[in-house]
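Remarks on the structure that follows.
What follows draws every value from the coordinates through simple rules; no lab data is involved. Predicted, not measured: the structure shown is a model, and the values here were computed from it. Every residue, glycine among them, receives a Cβ derived from its backbone with ideal geometry; neighbour counts consider all protein chains shown.
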Amino acid sequence: MKAAFAKFCEENSIGHGALETYATPRRLVLIARQVAEAQKDSLLEAKGPPARAARDDKGAWTKAATAFAASRGASLKDLQVRETEKGEYVFVVKKLKGRATAKLLPGLLPAVIFGIHFPKSMRWGAYKMRFARPVRWIVFLFGDKAVTVTIDSVKSGRYSRGHHFTHDVKIKIPCVADYFPLMQEHHVLANHNERRERIADAVRAAAQGRPLISDDLLNDILFLVEYPHVGVGAFDEQFLKLPREVLLLCIEKTQHYFPVESETEGDLLPRFCVVMNMPLEDSRDVISGYEKVLHSRLQDALFFYLNDMKEPLDQRVPRLDRIVFQKELGTLLDKTRRLQALSERVCERVGMASDDCRAADRAAHLCKADLTSSMVFEFTELQGIVGRHYALRGGEPREVAMAIDEHYMPRFADDDLPATTPGRVLAIADKADTITGYFAVGLIPTGSEDPFSMRRQGLGLLRILEDSLYAIKVEDIFNMCLDVYGSELAPGDKRESLLAQLMEFMDVRFRTLMESRGMAYDIVNAVSLRHALSMTHAVACAGALADMRPDPVFQSLLEVFTRVSNIMKKSASGADFQGDNISRDLLAEEPERKLFEEYHRIVGDWENAQPATREDFTQRIRDLFSITPLANVFFDNVMVMAEDRAVRANRLALLSRLRSLYMQVADFGAIVKK
């Protein structure tokens, strides 16, 4: 509505102030402040025929001039002759007085109503208008004046209606300023911001404990009621034996009630708050209805829970052979075995303690078993969470149970990351296995389509690797996955191309992650996960580049890198370039000797230590700063393409070594020079 109104005003040169939008289940409201009384005056200038065709021999206007003026809604008095590059031409120059806004407003209503697009819209009766729901009335006021427009059978004016149940009468709105007070008088809180505060305050006052008021639930309920009233209900204490997450799912997600917990212990209480759209006239009967619906939900959940507990998770694992993970990638039992093998490899690579390795292996064996339970079948959102509770009830160690839950993390963009070491390892294994398998069988995200959430899985994998600080290359993880899948999935001739696809996909995820944190796109493009020793390595490098970019020397560094790269691009495939071997005896000029000596010093310093932190990369960039002026002197005083072929090849080798030195930090060619 805001966009449609703003577009209409822009197209019609109508000035306006702040735009406000509000909503209830039965009405959409737009208030525009300080709308101009009329369009802005404008000046019409239009080029017409040549002057020789517009005037006759006596200087009078011809028919051509008269027709041109008429076509622009002007008179002969508005015509002028002007000199142009192509000679003298006739122009219309006319001051247009802005039309009154009131006369333009009838065109606004169709623009707003038909400018709102819904995923699903409907027609009703014999009418042609499409909207989310049947349009019953339209209030259209300009200050205190009603604007009358008819769309199908609905005629706009100054009449609204009150609350559907308690005040279902026509309400005359004298002017815009009276709208909200009159609505509230007829039990409609049209301002949803006020409605949100009233709901939250009323729930806190009625709860007799600490209500759990989540933003998602509050926003859902906010647009289900026009005049909120809060009631309190209760459920049988036997249901408190259910896991907390199950109770919250039943109370919040399925029934849209507010759970209540103890203010001291934080345990859930057998009580809930419900928000209704009308006052309680017979409160006990009404609340009883809410209680009966919730009781049925909780009774089903308790039945599933107690029935599932009869069979330990370990005994459920063989049944995973009946559930297909993906038709070309096998069953969930096949995936379970891959996760065990992959977890073992990751543990070995990062040097994990033996206790954590055992916990990760046991968790990998059990992590998918809860998918065979009735509870997860009924409440799919609880996969992993149910497994954690069942594992603890079955006597599994806490770290194993936590890893079963955590291996699905992060479940969405800003979700928490695994907190335990086995959980991190298993989450890495699960996400990498899924991405590798789906890419191998051709199920690759394209455009906006990502039906298997590969992008979310990739981002989650990178966030975990960054958080864990594991010194492992992302490419090595995918190589492990391919080893575990076996050669049938990606035969030797296809393995490299598949790895290239996977790393390109992960590089894009890395860029997305870094840019979401405010990192410049070109800085991120300069860092490649395929060349980085780890995700931590890549993040530290990007951070150091961003820190050092403002330094004036950084621009000189970019210019040197570009110059070196251009020379090597032209020479690398020719006979002049004969490899990276450098002969000190052929370094005839002082500038090239000094450049080689500084290069040699830096290489010596870098050989004994791998950069890991942002500070390490910052120091490496400073080392490159030190070589920049020497490179500039070299280019100013030394002819690279010398006549002597051996000298020429030696200088190209020096530049090749220099470029490789830069590339050990980043691809500086991807960074935009200022």
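Assign unit charges at the C-beta atoms only (+1 for Lys and Arg, -1 for Asp and Glu), then state the dipole size of the chain relative to its Cα centre in Debye, rounded to the nearest 20.
Rounded to the nearest 20 debye, it is 3760 debye.
Do you know the relative contact order of the chain, to the nearest whole percent, from alpha carbon pairs under 8 angstrom that are 6+ apart? Mind dumping the intermediate values first?
Numbers: 961 pairs, mean separation 44.1, N = 674.
Relative CO of the chain lands at 7 percent.
Suppose the chain between V672 and R530 were pulled fully straight at 0.36 nm per residue; how much longer would it get relative to their current alpha carbon spacing? Don't skip to the end; give the middle numbers.
Numbers: separation 142, 0.36 × 142 = 51.12 nm, distance 2.15 nm.
Gain on stretching V672 to R530: 49.0 nm.
Can you find, among S583, I523, L392, the residue farthest towards the positive end of the dipole of the chain? Put +1 on the C-beta of Lys and Arg, -1 on that of Asp and Glu.
In the chain, that residue is I523.
Longer than 30 Å from Cα to Cα, which of K570/K594; K155/K253; K2/K120 are they? Say none if no pair is. Show your work: numbers first, answer last.
Details: K570/K594 25 Å; K155/K253 39 Å; K2/K120 20 Å.
Pairs exceeding the cut-off: K155/K253.
Summing +1 for each Lys or Arg and -1 for each Asp or Glu, what net charge is found among the other residues whose Cβ lies under 10 Å from the Cβ of V92?
+1
Distance between the C-alpha centers of segment 292-360 and segment 1-73? Whole Å please.
Each part's Cα centre sits 67 Å from the other's.
Expressed as a rounded percentage, what relative contact order does segment 473-581 have, with Cα pairs under 8 Å and six or more residues apart?
Here the relative contact order equals 24 percent.
When percent of Cα pairs over 46 Å apart is calculated directly from the model, which label among (1) 50; (2) 14; (3) 20 fits?
Here the calculated entry is (1).
Contact order normalised by length for segment 42-96, with contacts defined as Cα pairs under 8 Å and 6 or more residues apart; what percent is it?
Rounded, it is 47 percent for segment 42-96.
Treating the beta-carbon of each Lys and Arg as +1 and of each Asp and Glu as -1, no other charges, what is the dipole magnitude of segment 192-308 about its Cα centre, to the nearest 20 debye?
60 debye
Which helices, taking whole DSSP H runs in the chain, have alpha carbons extending 15 angstrom or more along the helix axis plus mean Kyte-Doolittle at least -1.0?
Span-like helices in the chain: 283-308, 332-350, 354-366, 421-440, 454-468, 474-485, 492-516, 535-548, 552-571, 614-637, 645-663.
What does the net charge come to around R530 if you take all other residues with beta carbon closer than 9 Å to its beta carbon, with K and R at +1 and D and E at -1?
Values: positive: K473; negative: E475, E504, D507.
Within the 9 Å Cβ shell, the charges total -2.
Once you list every other residue whose beta carbon is under 15 Å from the beta carbon of F5, what net charge do they have if Lys and Arg are +1 and Asp and Glu are -1?
Within the 15 Å Cβ shell, the charges total 0.
If I stretch the segment between D78 and S121 completely, what's the gain in nm (0.36 nm per residue apart, minus their alpha carbon distance), one decimal?
Values: separation 43, 0.36 × 43 = 15.48 nm, distance 5.01 nm.
Value of the extension gain: 10.5 nm.
Projected onto the charge dipole of the chain (+1 at Lys/Arg Cβ, -1 at Asp/Glu Cβ, origin at the Cα centre), which of L329, T148, T562 gives the Cα projection farthest towards the positive end?
Farthest towards the positive pole: T148.
Which of L249, I173, A205 sits closest to the plus end of the dipole of segment 159-262, meaning its Cα is farthest towards the positive end, when Lys and Arg get +1 and Asp and Glu get -1 on the C-beta?
Checked the options; the winner is I173.
Compute, for segment 275-333, the length of the dipole vector about the Cα centre, with Cβ point charges of +1 (Lys, Arg) and -1 (Asp, Glu) only. Units Debye, rounded to 20. Spell out each step's value before the answer.
Numbers: 8 positive and 10 negative charges, 57 e Å.
Taking the Cα centre of segment 275-333 as origin, the dipole is about 280 debye.
Run the lone-cysteine check on the chain: no other Cys C-beta under 4.7 Å from the residue's C-beta.
Unpaired cysteines in the chain: C9, C175, C250, C273, C367, C481, C541.
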